[in-house]
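Novice: Here it is, the structure in full.
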Amino acid sequence: MIKRKNRITISIKGIQTSRLCILGLLLLIASSIQAQVNSTKEYIFTFKNANLKEIVSTLESKSIYSFVYGEDVKLTKNISLQLHEKSIEKLLDILFKDQPITYEIKGKHIILKKKTIKRAPRRFTISGYLTDKSSQETLIGANIFENNHREGTTTNAYGFYSITLPEGKSNLAFSYIGYESINKELELRKDTLINIELKSNTLLQEVVIEGSRQETGLKSTQMGAIDIPIEHIKNTPTLLGEADVMKTLQLMPGVQAGAEGSAGIYVRGGSPDQNLILLDGVPVYNVDHLFGFFSVFTPEAVKKVSLFKSSFPARFGGRLSSVIDVRTNDGDMNRYHGSLSIGLLSSKINFEGPIIKNKTSFNISARRSYLDVLANPFMSKDEKIAYYFYDINAKINHRFSDRSRLFISFYKGEDQFKHKLNENYNNGYVPESKNDFVNKTSFYWGNTIAAIRWNYIFNNKLFSNTTVSYNRYQFNLRNFNIENSKNKDYISTSRYDSKYQSGIKDLAYNLDFDYHPIPSHHIRFGANYLYHQFRPEVMTNASEENDNGIINKELYTTQNNPSIFAHEISAYLEDDFNVTDKLSINAGVNLSSFFVQQKKYYAIQPRLSTRYELSKDLALKGSYSRTCQYTHLLTSSSLSLPTDLWVPITKNIKPMTADQYCLGTYYQGLKNWEFSVETYYKKMNNVLDYKDGSNFVGISTGWQDNVEMGKGRSYGIEFLAQKTKGKSTGWIAYTLSKSDRIFPGKGINNGNRFPYKYDRRHNLNLVFNHKFSDRIDICSSWTYYSGGSITIGEEEFAIVRPYNKINETHTNGPQASIESKNYVSKKCNYRLPATHYLNVGINFHKKTKHGMRTWNISVYNVYNMMNPTFVVKQYETTNINGKEVRKPYINKITALPCIPSITYTYKF
Amino acid sequence: MNKYILVAATVALALISILTSCENKLEFDFGTKDSRFVINALLNVDSINNDVYVSYSDPYEATPANDAIVKVYVNGDLKETVDQSEIIKNNVGAKYRIHCKFKVNDLIKIDVSTKEKTKHAWAEVKILPPTPIEKIEVSPKEYINEVLGYKNHYQFKITIDDHSQGEDYYYRLVPESYIRSKEWAIKVGSKYVKAYELEKRIAMYLDNDFVLMDGIPLTSSDNQEAAISTVYNYYGIFSNKFFKDKSYTLNISIPAFYYLDNVVIRLLRISKHEYSYFKAINTIDSDIFGEQFSEPVIFETNVNGGLGIVAISSESSQKIQIMNPKEEIYD
């Protein structure tokens, strides 16, 4: 018993045999009776195994309150409590906390009522597709937000969404950039399918950078993920007015071009073959036209482009440095329309429409360059050179039902080069002789991709995508000579025919599932199987000599490197979930295996990215990714050459792996502006490079002996400030980075660390777009990057050739020769000067009776900066101290000075 | 030069720049490197006339080092000192002839310094034992290729046994054809005997030999019109990577020169440094791509304090007599 002034202290202890036994002491100070009505008094009770009814009675007797309750209130439970409370409310809260009883204090009465137990609300799922109202084109990454419960989701790569909400009233907002938002109120009583059609709003079509906010940006768990709307790609001023997906990506932080003007992508110190470039989910091996200066993606056919460079979602695998996911248009389900574009380099046409209205649609686009056609009249009759490239994209989209859709897509693109030479001449030594010589050289290279995709919704929470695809990259070269010699007695013909072929073929089967069990979880899982057929090279040479009808010499040689078959199997599981209101995590794992030449490789690739919301407009993110790559591109040049060859890993060459750690902050507090800072550290294992003195030109045989495996690392910080809405939009992207390589085998750079070829310390991109009116808008970009590193001979030394070189004759006795040559002490020993250039374009739009015409005038490299496309060490003779010496110098070749262009586009 | 790829790439560049590409000189300080000795010595264990070429490296052009002293150490003992040199005609190197006798397993050090000792460089190499030629079979062969201009060839099958015990061995094959170029009669006693002057030629067709072609048949020197050019093996180098601890028969053809007197097949055992050196020269001489499209060839060097290559090969050889060696005697 505790005896205190101004306190009510009661102790009740229950005994097993009796319902209530007060064993404790009750001390009540006389004055405290008065004090019970005083709110400052304290109630001190101890109950041990006491019956509720008795406790209530005790309270009634020791306080001013009386309890009122009906028969439905059962006070039968025994409880133990130790109370030390200042107010009766708190005392009652504790007393009835775990009881099915509520109380209400009215004056001096405490009314007890039976607690009505609320049934947990049932949850139902709303799902469906979001499409463009006029064309029925699915909208990727559109936002769905429920206002009452503050839950949200986005559409997936096929325009499908699913959100699970509590039963009752729901207020859903559907929105997508450039479209009018729709709010939908409904009483949710069962799983519901709602297909939403959003109406395009031209007033909102100012250039924006990011569409959705779940896969990218502040709200996304992912880091380093950027969505590029196609409108933006079309608006970016580029070389010869050729809008290019890759060149727009190069303006993003952490992404660089190779040689200036080329479409090659170098992401965070990775090489171009480390980018997984997907066309509707199918990997594309060669994405270049014109030796890398243009990419194969025709903007007219493209719907959306996403770039992942930090935390790759687990569903992607097979490459180290980035994922570039290009999705094409499905085709308008309701009406026929298209566009025609005529530029200096190429023309493009796009046409789409329904095959069966609201059921089946098609989309077809084609592009062809035509300099060969324009140049042809200016070439001599005897010698013709022709070069062109083309792309064809076709897609058919059929809707079986709201649950089931089928897509058939086809892509073919090629570069073709042809050279033909005719010569007629007389042999002066043979009277009446006539000789004809014809040489034809042709080579062509490109991709063929065909895919069938089936989307099926099992139920409102489970979406599936099944893809079967075929992908082929092939390079063919043929050189053919024929020479006829005739005189009155003699006819002879000699032929020479040489062919070369190389390539890679893939057959793939992908099964992907999207599962939305509850709004806080978005689970993706699936499996992929890739059957690779690497065809390194096949060469044949045939020659024949025919004298007066008698074949007297024949040669047929062939080199047929056997195809290499490989199986790549992977499975993934990924969950994007909210741990708390502020903390969300995307965790996943990609398990892959590769079987080649009786060797098996396995890789476990965990992926994790987290987001913590500091405030509504500020988020912190961190991520870790492990990636693995089983194929290599053999190349020795800074240009994308058709002889570059994809080869698989072997038993000696292990898979490349990379571990990337990132931290970042995203801020969106300033209206229409978004800011982000990301730092990264990436370490790569088993990267390949050619040993000193070795290179690669089209022949893969023995390539393993010429390369060495090493390590790479890359780290940096990226800043991005972007204005996404308004008449003026654009961004500033700055990257400070470092990337290097080390090959411990000492076959490269004597085992010392050296900078990566495209290790550029600073990279700044400014993009500015302004819409003056519906008729005129301008777009501009300024790019600056500090010089990459190249290898150049920094001094001259001497090499000696022994006398006994094969196929030499020594009539005056053997003589060795000695020659002054470049000496290279270390790789990547020379820094190129910085490159910077300004591109500007202006669009003039005009509505016509049947559509809209646009004139685009662009200028590449406006201030004619002489940037280094290539550098070559050359020599000149100079006089030093009266002596003529050979003086070396570095010759900078600028391939892309100021180049204006004009493009006409008509949309109908 | 792979002319077709190069032509196409050049056309591409021309297209994109609409024939307006520009060239400018870039600042590059070539003058900061100190001049160093460049020692080039491809020695042969059986020769007593080996040449050491000494030059100075230079930012502009290598120059002959005719003021050098070349010392030859064998197993740590100074055996020879040479300070007289002959300037090679293109004024890039100075030739120092050494006459030391070497034997297999000797450790050879070539030490070069200036008289004032202001510059000094050296290299040390061990003489590796030769690999014997097991046998050579020769058979006349009809037309193989007309590039060399000879319709008839002799096919040589050269068998070697590799006893490397899993180590990497490197070789050079040097087929020397000796052709009777001049003839005259000399009086021997009362008779006149025909005498010949022999001219040496190094000519060989690799016959798509897997090892000599490094697994890459159809290379440019044989097929000028071939679709894809590759590095050609001008110096007949190969390694034992395809036939470690096994025997292998190299297949080559040698043109049936008129008055071909004999052929000496020399099999040189070379060091890895020498192999890499010749591989680099093969790459340069094949001239597949210009420097615009590929990086310069990087040479390995094994000279301490300087640059260059010092290597010494051991040799096994066999002579195949083609023409009747019997002396023609005139009365």
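Novice: What are the pairs with Cβ atoms under 7 angstrom where one residue, in region A:397-411, is part of a loop (DSSP other than H, G, I, E, B) and the other, located anywhere, is surrounded by 19 or more Cβ atoms within 10 Å (Cβ to Cβ)? Sequence gap at least six, or different chains.
Specialist: A:403/A:457
Novice: Looking only at region A:875-897, count every residue that is polar (S, T, N, Q) and within 9 Å of another protein chain (Cβ to nearest Cβ) and tell me the total.
Specialist: Of the residues in that region, 3 qualify.
Novice: Looking at residue A:841 and the list (1) part of a loop (DSSP other than H, G, I, E, B); (2) more than 10 Å from chain B (Cβ to nearest Cβ); (3) in contact (Cβ under 8 Å) with a residue 60 or more places away in the chain, which single condition is not satisfied?
Specialist: In the conditions (1) part of a loop (DSSP other than H, G, I, E, B); (2) more than 10 Å from chain B (Cβ to nearest Cβ); (3) in contact (Cβ under 8 Å) with a residue 60 or more places away in the chain, residue A:841 misses (1) alone.
Novice: In addition: Among the residues that make up region A:307-329, is at least one of them modelled with pLDDT of 90 or more, closer than 30 Å to residue A:573 by Cβ and among the acidic types (Asp, Glu)?
Specialist: Taking every residue of region A:307-329 in turn, at least one turns out to be modelled with pLDDT of 90 or more, closer than 30 Å to residue A:573 by Cβ and among the acidic types (Asp, Glu).
Novice: Return the residue satisfying two criteria in turn: it lies in region A:374-396 and is of a type outside the set (D, E, K, R) and in a loop (DSSP other than H, G, I, E, B), and of such residues it is surrounded by the fewest Cβ atoms within 10 Å (Cβ to Cβ).
Specialist: So, considering only residues that are of a type outside the set (D, E, K, R) and in a loop (DSSP other than H, G, I, E, B), the one surrounded by the fewest Cβ atoms within 10 Å (Cβ to Cβ) is A:380.
Novice: On to the next question. Any idea which of (1) in the same structural domain as residue A:718 (by TED's automatic domain parsing); (2) at pLDDT below 90 is the one residue A:815 doesn't satisfy?
Specialist: (1)
Novice: Further question: What about residue A:859, is it surrounded by 14 or more Cβ atoms within 10 Å (Cβ to Cβ) and closer than 30 Å to residue A:774 by Cα?
Specialist: So residue A:859 passes the test.
Novice: So which of A:348, A:357 ends up being more than 14 Å from chain B (Cβ to nearest Cβ) and surrounded by fewer than 19 Cβ atoms within 10 Å (Cβ to Cβ)?
Specialist: A:357
Novice: From the list A:821, A:846, A:892, A:887, pick out the single residue that is within 48 Å of the chain's Cα centre (by Cα), surrounded by fewer than 16 Cβ atoms within 10 Å (Cβ to Cβ) and part of a strand (DSSP E or B).
Specialist: From the options A:821, A:846, A:892, A:887, the qualifying one is A:846.
Novice: It is to be established whether one or more residues within region A:419-440 are touching a residue at least 60 places away in the same chain (Cβ under 8 Å) and in a strand (DSSP E or B).
Specialist: No; the residues of region A:419-440 include none that is touching a residue at least 60 places away in the same chain (Cβ under 8 Å) and in a strand (DSSP E or B).
Novice: A follow-up question, please. For the structure I just gave you, tell me whether residue A:563 is closer than 30 Å to residue A:141 by Cα and either surrounded by fewer than 17 Cβ atoms within 10 Å (Cβ to Cβ) or modelled with pLDDT of 80 or more (or both).
Specialist: The answer is no for residue A:563.
Novice: From the list B:62, B:8, which one is modelled with pLDDT of 75 or more, over 19 Å from the mean Cα position of the chain (by Cα), crowded, with 21+ Cβ neighbours inside 10 Å and at the interface with chain A (Cβ under 9 Å from one of its Cβ atoms)?
Specialist: B:62
Matching residues to (1) within 13 Å of chain B (Cβ to nearest Cβ); (2) at pLDDT below 80; (3) touching a Leu at 6+ places or on another chain (Cβ under 6 Å); (4) in a strand (DSSP E or B):
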residue: A:689; (1), (2), (3), (4): yes, no, no, yes
residue: A:696; (1), (2), (3), (4): yes, yes, yes, no
residue: A:714; (1), (2), (3), (4): no, no, no, yes
residue: A:722; (1), (2), (3), (4): no, no, no, yes
residue: A:732; (1), (2), (3), (4): no, no, yes, yes
residue: A:739; (1), (2), (3), (4): no, no, no, yes
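Novice: Can you tell me which residue is modelled with the highest pLDDT among those in region B:223-239 that are more than 7 Å from chain A (Cβ to nearest Cβ) and part of a loop (DSSP other than H, G, I, E, B)?
Specialist: Applying the filter and picking the extreme gives B:233.
Novice: Are any of the residues in region A:367-383 in contact with a helix residue (DSSP H, G or I) (Cβ under 7 Å, 6 or more places away or on another chain) and β-branched (Val, Ile, Thr)?
Specialist: no
Novice: Evaluate region B:282-297: report whether one residue or more is modelled with pLDDT of 85 or more, within 12 Å of chain A (Cβ to nearest Cβ) and either over 18 Å from the mean Cα position of the chain (by Cα) or crowded, with 24+ Cβ neighbours inside 10 Å (or both).
Specialist: Within region B:282-297, none of the residues are modelled with pLDDT of 85 or more, within 12 Å of chain A (Cβ to nearest Cβ) and either over 18 Å from the mean Cα position of the chain (by Cα) or crowded, with 24+ Cβ neighbours inside 10 Å (or both).
Novice: Here's something else I'd like to know. Among B:300, B:274, which is within 22 Å of residue B:42 (Cβ to Cβ), acidic (Asp, Glu) and at pLDDT 85 or above?
Specialist: It is B:274.
Novice: While we're on this one: Sort out which residues of region A:397-413 are within 25 Å of the chain's Cα centre (by Cα) and surrounded by fewer than 19 Cβ atoms within 10 Å (Cβ to Cβ), and write them in order of number.
Specialist: A:406, A:408, A:410, A:412, listed by residue number.
Novice: Separate question: Could you tell me which of the residues A:475, A:513, A:463 is part of a strand (DSSP E or B), of a type in the set (Phe, Trp, Tyr) and within 14 Å of chain B (Cβ to nearest Cβ)?
Specialist: Answer to the check: A:475.
Novice: If you don't mind, there's one more thing I want to ask. Taking residue A:348 as meeting all but one of (1) basic (Lys, Arg); (2) at pLDDT 90 or above; (3) outside the structural domain of residue A:717 (by TED's automatic domain parsing); (4) touching a Lys or Arg at 6+ places or on another chain (Cβ under 6 Å), write down the number of the exception.
Specialist: (3)
The values are calculated or read from the model by the stated rules, or taken from the named source; none is laboratory data. Fair warning: this is a prediction, and the values are worked out from it, not measured in the lab. Every residue, glycine as well, gets a Cβ built from its backbone with ideal geometry; the counts of neighbours run over all protein chains shown.
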